[in-house]
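Please read the structure below before turning to the comments.
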Amino acid sequence: MSAPDPVQYIGQVERDCEGLLWAVLYIGPNVISRERVRSLRRGRRRITDMLLAAADRTSRPIEDRRPAAKNVVVIYVIGQPPKPYRAPTTSPPTAQGEGTP
């Protein structure tokens, strides 16, 4: 059994000659969905929704029901690592005036 060919979607926010913003989803050179959006931020979110919906429509049922291999996810943090947490220590209360000159 061979794996199906991957489908490549391209989504982008476009501005037409009238200045209107459109969220456009392509599959290869073909436009599969185009919707008007009010802002770049909403356009990006709409493209994400359109992409996930298109992927759901083209998905195939899983035939191999073996458990997936356990993967280890490693997250690299750029910069200094966070300082370890130290619980506050409790010390006996000191009387006012002790140890002060």
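Every number here is computed from the coordinates shown, using simple stated rules; none is lab data. Every value quoted in this text rests on a predicted model; they were computed, and no experiment measured them. All Cβ positions, even for glycine, are placed from backbone atoms using ideal geometry, and neighbour counts span all protein chains on display.
Loop-located GluC sites (Glu not before Pro) across the range 10-52 with a Cβ neighbour count of 12 or fewer within 10 Å are E18, with loop assigned by DSSP.
What is the extension gain from R36 to T48, computed as 0.36 nm multiplied by their sequence separation minus the C-alpha to C-alpha distance, in nm to one decimal?
2.9 nm
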